[in-house]
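*Asks:* Below is one structure. I have some questions about it.
Values in this text are rule-based calculations from the coordinates and carry no lab data. All of these numbers come straight from a predicted model, not from anything done at the bench. Methodologically, a virtual Cβ is constructed for each residue, glycine included, from the backbone with ideal geometry; neighbour enumeration extends over all protein chains shown.
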Amino acid sequence: MTAVQANGITIEYQEFGSPDAPAILLIMGLGMQLVAWPDSLCEGLAARGFRVVRYDNRDVGLSSRMPSAGRLVTTGMLARALVRLPVRPPYTLHDMERDAVGLMDGLGIAAAHVAGASMGGMIAQILAAEHPDRVKSLVSIMSSPAPLMPRPKILGALLRPMARDPEQAIRRMSAFFRLVGGAAYPPTDAELKAKVDRSVRRSWRPDGFARHLIAIQTAPSRAAMLRRVRAPTLVLHGSDDPLVPPIGGRMTAAAIPGARLRIVPGMGHFLPEALVPLLVDEIAGHCLKAEGAADARAQENAGDMP
């Protein structure tokens, strides 16, 4: 793994596949690091002929840690944001979208297929709307065009006081992912332990999680913005997602012209190994179709030239 300087910060990233292949940019969600994208998914997409780039958003993993206003101030901002009172967030989803563009610039990627999960889907939506020339296709996974209030039990788990140490963080993260994992694809104990241990040992930044959540809750609806998206769009959502209910996926697909919605029975708010073959097929198939359509348009245009 390595890093680039982009949008005034350091962004850590990792690549799979040939650097000459069409790029897929993977954007992860709330408080999650690049390793939350399963290695097997990245390797599977690379095997289908893509250059796969996954990265740490600002404030998590090995990317830049953002300035802290202090735990009490941050908690107060979060409480106000959750009830939709005015808050000036430390940074916005638009700032994070500009991080993604800066990373693409740093890696020499003129345009990419962009896939985002949860908060990453929100960032990807903004990128597709604001920079249509940079997005070949869009995949929005378990996301929505506006903040949605999760069930009380899920909300309570999100708002628990920050873990005091990494061991407590591992226990809490494991419990949370069991809570949101979905009926048909719950993570196994071994899989969950490996994923959570890897994440916490790599980097543990509970304050970054809170600032991400503030950015989500203070973001205005993107429904009107999404009407401008022209990239071929696939919306993937789990029928059992308790964190971002399926209505979020339906709203996303309804807002984007021509979007295809795939509700996956039994999928929750997690990317378990059992779902990787389906995800690789859906994402790679969507991106390859978009590549083929773009090639056909280019040949048509070349034929029209005098």
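*Asks:* Which of the helices in the chain meet the span-like rule: DSSP H, Cα axial reach of 18 Å or more, Kyte-Doolittle mean at least -1.0?
*Replies:* Taking the DSSP H segments of the chain (at least 18 Å long, mean hydropathy at least -1.0), we get 93-106, 166-180, 276-304.
*Asks:* For the range 45-183, what's the relative contact order in percent, using C-alpha pairs closer than 8 Å and at least 6 residues apart?
*Replies:* 14 percent
*Asks:* Hey, another quick one. Take each of the peptides 272-285, 41-54, 73-86, average the number of other beta-carbon atoms within 10 Å over its residues, and list them starting from the highest.
*Replies:* Ranking, from highest mean packing down: 41-54, 272-285, 73-86.
*Asks:* I've got another one for you. How big is the chain on each of its three principal axes, counting only the C-alpha atoms and giving the largest first in Å?
*Replies:* So the three principal-axis extents are 67, 40, 37 Å.
*Asks:* Where q = 0.14, 0.19, 0.22 Å⁻¹, what log10 of I(q)/I(0) comes from the Debye formula for the range 18-133, counting one point per Cα?
*Replies:* The calculated log intensity ratios at q = 0.14, 0.19, 0.22 Å⁻¹ are -0.63, -1.05, -1.30.
*Asks:* Another question about this same structure. Using helices alone, I'd like the mean residue ellipticity at 222 nm for the chain: each DSSP H run of four-plus residues gives -39500 (n - 2.57), total over residue count, nearest 500. Intermediate results must be reported in sequence, preceding the final value.
*Replies:* On the way: 11 runs with 138 residues, N = 306.
-14000 deg cm²/dmol, from helical runs alone.
*Asks:* Report relative contact order for the chain in percent, whole number only (criteria: Cα-Cα under 8 Å, sequence separation at least 6).
*Replies:* With pairs under 8 Å counted, the relative contact order is 21 percent.
*Asks:* Another question about this same structure. If Lys and Arg each add +1 and Asp and Glu each add -1, what is the summed charge of the other residues whose beta carbon sits under 15 Å from the beta carbon of S18?
*Replies:* -2
*Asks:* With the Cα gyration tensor of the range 127-277 in hand, give its eigenvalues times 5 under a square root as the equivalent ellipsoid semi-axes, listed largest first in whole angstrom.
*Replies:* 28, 18, 15
*Asks:* Once amide H atoms are built 1.01 Å from N in the peptide plane, which residues 5 or more positions from T10, or in another chain, come under 5 Å H to H?
*Replies:* S64
*Asks:* Reported to two decimal places, what Rg/Rh ratio describes the range 238-294 when computed on Cα atoms with Rh from the Kirkwood expression?
*Replies:* 1.01
*Asks:* Among 26-35, 182-191, how do they line up by average Cβ neighbours within 10 Å per residue, starting with the highest?
*Replies:* 26-35, 182-191
*Asks:* For the range 45-194, what does the alpha-carbon gyration tensor say about shape, rounded, prolate or oblate, given a ≥ b ≥ c as the root eigenvalues, a/c under 1.5 as rounded, and a/b over b/c as prolate?
*Replies:* Taking the square roots of the gyration eigenvalues as a ≥ b ≥ c, the range 45-194 is oblate.
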